[in-house]
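Student: Starting off with a structure, shown below.
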Amino acid sequence: LRPGLTHQARYAVTAATTVPRLAVESAEIAAMPAVLATPYMIAMMEIACTALIARHAKEGEGSLGIRVDVTHLAATLPGQTVTVDVEVTAVASRKITFKVTAHDGIDKIGEGMHERMIVPWSRIQQALAAKAQKAGGDPT
């Protein structure tokens with residue numbers, strides 16, 4: 001991975017990705033307009049960054065999001081397509097920094113920065129198993 005690498009991805013906006021459908025039960029949220037929810041826009045950006053990293057990661061490695069600094073600029077309706085562009089702006093050992101932008105074909109809907117850490121999945125699974133044991137649950 002190196003600064004300057006780019007990736008583009010497209011995502012359909014559906015009723016399931018709108019504000020009233022967020023997985024948090026709230027009368028206030030349910031009453032909001034059916035437009036793309038900010039957490040889903042951010043997820044689209046994270047997935048696009050993950051796809052870029054996956055093309056360059058070693059076997060057994062993946063990445064975890066560690067920072068998001070994004071502004072949601074405009075509403076997007078179900079039926080529209082969001083195009084996400086990501087660019088690697090910095091690589092510091094295992095930490096990768098991205099410039100992220102999203103557009104719905106009419107408006108730029110989001111922009112900002114996202115950081116991900118490249119990690120060996122085996123180490124993460126061990127950490128999750130230890131935490132699950134402390135919490136009394138199953139890590140899967």
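Student: Calculate what fraction, in whole %, of the accessible area of the chain sits on carbon and sulfur atoms when a 1.4 Å probe is rolled over the protein chains.
Tutor: 55
Student: Same structure again: Multiply the residue gap between R67 and T38 by 0.36 nm, knock off their C-alpha separation, and tell me the result in nm, one decimal place.
Tutor: My answer for the length gained is 8.9 nm.
Student: Once you list every other residue whose beta carbon is under 13 Å from the beta carbon of L77, what net charge do they have if Lys and Arg are +1 and Asp and Glu are -1?
Tutor: Computed value for this residue: -2.
Student: Separate question: Given Cα pairs under 8 Å that are at least 6 residues apart, what percent is the relative contact order of the chain?
Tutor: Taking the mean separation of contacting Cα pairs over the length of the chain, I get 27 percent.
Student: Right, another one. Taking the Cβ-Cβ separation of A54 and L22 as r and a Förster radius of 30 Å, what is the calculated FRET efficiency to the nearest 0.05?
Tutor: 0.65
Student: Once phi is turned into ³J(HN,Hα) by the Karplus curve 6.51 cos²θ - 1.76 cosθ + 1.60 with θ = phi - 60°, what whole-Hz value does each residue of the range 83-99 show in order, with x for glycine and proline?
Tutor: 9, 10, 10, 10, 9, 5, 10, 7, 10, 10, 6, 8, 8, 10, 10, 10, 8
Student: Just how large is the dipole of the chain about the Cα centre, in debye to the nearest 20, putting +1 at every Lys and Arg Cβ and -1 at every Asp and Glu Cβ?
Tutor: Value, rounded to 20: 560 debye.
Student: What are the extents of the Cα atoms of the range 3-137 along their three principal axes, listed from largest to smallest and rounded to whole Å?
Tutor: Ordered largest first, the range 3-137 gives principal extents of 43, 41, 21 Å.
Student: Roll a 1.4 Å probe over the protein chains and send me the accessible area per residue for the chain in Å².
Tutor: Spelled out: the 1.4 Å probe surface of the chain, per residue, equals 58 Å².
Student: Among residues other than K108 whose Cβ falls under 14 Å from its Cβ, what is the net charge (Lys/Arg +1, Asp/Glu -1)?
Tutor: Neighbourhood net charge equals -3.
Student: List the residues whose amide H sits under 5 Å from the amide H of S63, counting only those 5 or more places along or on another chain, with H placed 1.01 Å from N in the peptide plane.
Tutor: HN-HN under 5 Å from S63: V119.
The values are calculated or read from the model by the stated rules, or taken from the named source; none is laboratory data. Just so we're clear, the structure is a prediction, and the values are computed from it rather than from any experiment. Here Cβ is always computed from backbone atoms with ideal geometry, including for glycine, and neighbour counts include all displayed protein chains. Note: accessible area is taken over every heavy atom of the protein model, side chains too, but ligands, DNA and RNA are not part of it. Shrake-Rupley method; radii C 1.70, N 1.55, O 1.52, S 1.80 Å.
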